[in-house]
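Asker: First the structure, then my questions, so here it is.
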Protein chains: 2
Amino acid sequence: MTKLTIRDIARLSGLSKSTVSLVLNNSPRVDPATRERVLEVMRSHNYVPNFAATALARGNTRLIGMIVPGLTWRLVAAINYGVASVVEDSDYEIILYTSTNDRDYGRVIERILASKLSTGLLVVTHNQPLEPLEELQRGGLPVVLVDTLGAQSSLPSVVADNYGGAHAAVRHLVELGHRRIACIEGPMEYQCCLDRTRGYTDALREAGIAVRPELVTKGEFAADTVAASTRALLDLPKRRRPTAIFAHSDITAYAVMEAVEDAGLKVPDDISIVGFDDLVSSEHVRPALTTIRQPFEEMGQQAARLLLSTIDPAPGDKPGANTADEPARISLSTSLIIRDSCTTSA
Amino acid sequence: MTKLTIRDIARLSGLSKSTVSLVLNNSPRVDPATRERVLEVMRSHNYVPNFAATALARGNTRLIGMIVPGLTWRLVAAINYGVASVVEDSDYEIILYTSTNDRDYGRVIERILASKLSTGLLVVTHNQPLEPLEELQRGGLPVVLVDTLGAQSSLPSVVADNYGGAHAAVRHLVELGHRRIACIEGPMEYQCCLDRTRGYTDALREAGIAVRPELVTKGEFAADTVAASTRALLDLPKRRRPTAIFAHSDITAYAVMEAVEDAGLKVPDDISIVGFDDLVSSEHVRPALTTIRQPFEEMGQQAARLLLSTIDPAPGDKPGANTADEPARISLSTSLIIRDSCTTSA
DNA sequence: CTGTTAGCGCATTCAT
DNA sequence: ATGAATGCGCTAACAG
């Protein structure tokens, strides 16, 4: 309300600004009684230190930036939630950078670099060139990538185990007796999709099943492409037609399900489907989707912790993620969520 | 990278700090040539004004706070997206306050008040007492509520037309020939739910259909309560059993659908269902859910615009939303999205 | 333990 | 049209 300053508090408690400042910063060199008195004055007058002034004086804003590209907003709410849950327990706040269209993405980076507004940066599902970010990192701004889409870089990151997840999904299908298992891929310029396909082929090979190129098709995470691929798969001669499909994402799986229905076939009776992500909606789709759960919320939490600890290395902490020699790479395991979209092979 | 200051720029361009500052603030009293030269120097050296210093000097952080309670995180991604889309076109940034558990909600408000960190505040789906917010508003911090859950207050707000939406949903059912239409309510301490029920009863009355208390049941937005209510509805003697259900939310509708299936009945053949919200998943549920769409994204946009315009009243603008005499109340209309969960009454 | 003295980087009078 | 001086509110040596 009224703009009390540290000076007012000093006057009101009969001390100097510096002493009050020491109290604010929990300095141990202040007499406990004095400290308590000052705190009381602050409380009763509802004093709160001015943010900008503090930031300017100490050269640190206590703000951590989180940048999330517009297109994926809806998919990453859980990540954001995870981040928020750990940041709110620190004395940092989150500042949210978003570019709702890719074109302006570069500008966002500038805005960040600009102003030294944030003390650290969390980058969620980044699908653009990494150089600008590495540049920021070199410039002294700690950066942590969350859900990198598999891109390789020298930046510390937190990701899900795409390879392992895909492997588990396909193994599940194999265990259900399926032999002709198709794969509908996402955009293969993403490393994460390469990893998923690798998990698919490895699981097949380990089961002694040959990988049939005709069963590995394009999806691009786009409903129409997926639908077309699905139809092509369904149009194969009966003996070569897949009895199960591993989709690179839940969204892809939804499109597959619709295409299968449109073809007059039933899921899972005629064809089993496994997705990847475990979006909230996958529980409500009918049949409920069997899928690989990515631990989004935990990814957010881990990333936030990682960032916070590199910003403020706690005494016991390891060197920190930003030592050029070895950036931290946290890979979280996924889990198979069995629901109703798969059944044993006829 | 290196911490260039306004002083460096001044030196590099052979001018004084003040002139550079004038350039930064687009002062017209600077020689165009000089201005261009300075800008060029800034550009080539990648200079960006320090955020904290600017904020301190002008007493305004150019940060707008957005507070969203943890529980609704997943539901409000679209609102956030809308907010972000307009804020990114201003020279403000968003700072995100979240309390992942309700207990700490009060602390969040303190954090905001504290530090004068934000210049304005956007409050999303606020389900807590409004006094603290009104207090902030009185203290000079512009506040705008988004999706108020219907609570009344002196604060400017942007909401969806809950009454109209419910009315349209039920009218749709009536037009399909239904006469026994049930309503499964959300938590009735929320004004928005009161409004939805009011829309329901009015639509019924206007169609000359009596409102039957036994058809209006508790849902509380909780899956198990909804399931129980649905079963009770289904257990009614055939002649009194509803042929359609209006659910206060999409989530509620999902639970209804599952309960109906569990009872061995079919949607929409045995019973039609309309939801409220139009979450993304409602398109993928089977049968796809007929529902009332809330324009979440637009709500976010409007709220952001409203807030921005109260912070920086543009010349042509209306007085602004925070004039105590008449807070702005923007009500956005909803729309009926017809999909597959409703059919004509037998 | 507490007070003094300088800045942090920029905006803003007021001169020139 | 530009420069000099002052202060925003706080932290951080350095004294005492």
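Just so it is clear, none of the values below were taken in a lab; they were calculated from the coordinates. Everything numeric here is computed off the predicted structure, so don't read it as measured data. Note that we place each Cβ from the backbone using ideal geometry, even for glycine, and neighbour counts take in every protein chain shown.
Asker: Got a sec? How would A:R196, A:R241 order by Cβ neighbour count within 10 Å, fewest to most? The partial results should precede the final answer.
Answerer: On the way: A:R196 29, A:R241 15.
In increasing order of surrounding Cβ atoms, one gets A:R241, A:R196.
Asker: Another question about this same structure. Explain nothing, just the number: relative contact order of chain A, from Cα pairs under 8 Å at least 6 residues apart, as a whole percent.
Answerer: 17
Asker: Counting only DSSP beta bridges with both residues in chain B, what percent are antiparallel, rounded to the nearest 5? Show your work: numbers first, answer last.
Answerer: Details: 3 of 38 bridges.
Once the DSSP bridges in chain B are tallied, antiparallel ones form about 10 percent.
Asker: Work out the charge dipole of the range A:162-294 with +1 on the Cβ of Lys and Arg and -1 on the Cβ of Asp and Glu about the Cα centre, then indicate which of A:A182, A:T225, A:G275 is farthest towards its positive end.
Answerer: A:A182
Asker: To continue, here is another question. To the nearest Å, what is the center-to-center distance of the range A:274-314 and the range A:186-226, using C-alpha atoms only?
Answerer: Spelled out, the Cα-based centre of one part sits 22 Å from the other.
Asker: Give me the compactness ratio for the range B:162-294, meaning the Cα radius of gyration over 2.2 N^0.38 Å.
Answerer: Details: Rg = 13.0 Å, N = 133, 2.2 N^0.38 = 14.1 Å.
In units of the globular-protein estimate, the range B:162-294 measures up at 0.92.
Asker: Could you go through the range A:201-213 in sequence order and give the Karplus-derived ³J(HN,Hα) for each residue, using 6.51 cos²θ - 1.76 cosθ + 1.60 with θ = phi - 60°, rounded to whole Hz, and x for Gly and Pro?
Answerer: My calculation for the range A:201-213 gives 5, 4, 4, 5, 4, 4, 8, x, 9, 6, 7, 9, x Hz in order.
Asker: B:E283 to B:E131: FRET efficiency via 1/(1 + (r/R0)^6), r the Cβ-Cβ distance, R0 35 Å, to the nearest 0.05?
Answerer: 0.35
Asker: Among A:I79, A:P49, A:V30, whose Cα lies farthest out toward the positive end of the dipole of chain A, if unit charges sit on the beta carbon of Lys, Arg (+1) and Asp, Glu (-1)?
Answerer: The residue sitting most towards the positive pole is A:V30.
Asker: Shortest first and in nm to one decimal, what separations exist between A:A263 and its copies in the other chains, measuring from label points 7 Å along the Cα-to-beta-carbon line?
Answerer: Sorted ascending, the copy-to-copy spacings read 3.6 nm.
Asker: If you don't mind, another one. If you place +1 on the Cβ of every Lys and Arg and -1 on the Cβ of every Asp and Glu, how big does the dipole about the Cα centre of the range A:162-294 come out, in debye to the nearest 20?
Answerer: Using Cβ point charges on Lys, Arg, Asp and Glu, the range A:162-294 gives about 640 debye.
Asker: Other chains' Cβ within 10 Å of B:52-64 residues: what's the mean?
Answerer: For this peptide, the per-residue mean of nearby foreign Cβ atoms is 5.
Asker: When the dipole is taken about the Cα centre of the protein assembly as shown, and only Lys, Arg (+1) and Asp, Glu (-1) are charged at their Cβ, what size is it in debye, to the nearest 20?
Answerer: My answer is approximately 940 debye.
Asker: Further question on the same structure: What are the label-to-label distances in nm, one decimal and shortest first, from A:S44 to the same spot in the other copies, with labels 7 Å along Cα to Cβ?
Answerer: Shortest to longest, the spacings are 6.0 nm.
Asker: Before rounding to the nearest 500, sum -39500 (n - 2.57) across all DSSP H runs of length at least 4 in chain A and divide by the residue total; then give [θ] at 222 nm in deg cm²/dmol.
Answerer: Values: 12 runs with 135 residues, N = 346.
Dividing the helical sum by the residues of chain A leaves -12000 deg cm²/dmol.
Asker: Follow-up question, since we're still on this one. Positive end of the dipole of the protein assembly as shown, charges at C-beta (+1 Lys, Arg; -1 Asp, Glu), about the Cα centre: which of A:L15, B:L204, B:L63 has its Cα farthest in that direction?
Answerer: A:L15
Asker: What is the average number of partner chain Cβ atoms found within 10 Å of a Cβ in B:90-97?
Answerer: 5
Asker: Determine, for the protein assembly as shown, the count of lysine pairs separated by eight or more sequence positions (or lying on different chains) whose alpha-carbon distance falls under 20 Å.
Answerer: 10
Asker: Return the FRET efficiency for the residue pair B:D31, B:T5: r is the Cβ-Cβ distance, R0 is 30 Å, and the value is rounded to the nearest 0.05.
Answerer: FRET efficiency, B:D31 to B:T5: 0.85.
Asker: May I pose another question? Tell me which residues come under 5 Å, amide H to amide H, from A:S341 once H is placed; ignore anything under 5 positions away on its chain.
Answerer: Amide H to amide H, under 5 Å and 5 or more residues apart or across chains, A:S341 pairs with A:T290.
Asker: In nm to one decimal, list the spacings between the A:S27 label point and its equivalents in the other copies, with label points set 7 Å along Cα to Cβ, shortest first.
Answerer: Its label point is 3.7 nm from the equivalent points in the other copies.
Asker: Right, another one. Only Lys, Arg, Asp and Glu count, each charged at its Cβ (+1, +1, -1, -1), so figure out the dipole size of chain A about its Cα centre, rounded to 20 debye. Write out the running numbers ahead of the final one.
Answerer: Working: 36 positive and 42 negative charges, 105 e Å.
I would put it at about 500 debye.
Asker: If you plug each phi of the range A:143-148 into the Karplus form 6.51 cos²θ - 1.76 cosθ + 1.60 with θ = phi - 60°, what whole-Hz ³J(HN,Hα) values come out, in order, with x for Gly and Pro?
Answerer: Taking θ as phi minus 60°, the curve returns 10, 10, 8, 10, 6, 6 Hz for the range A:143-148.
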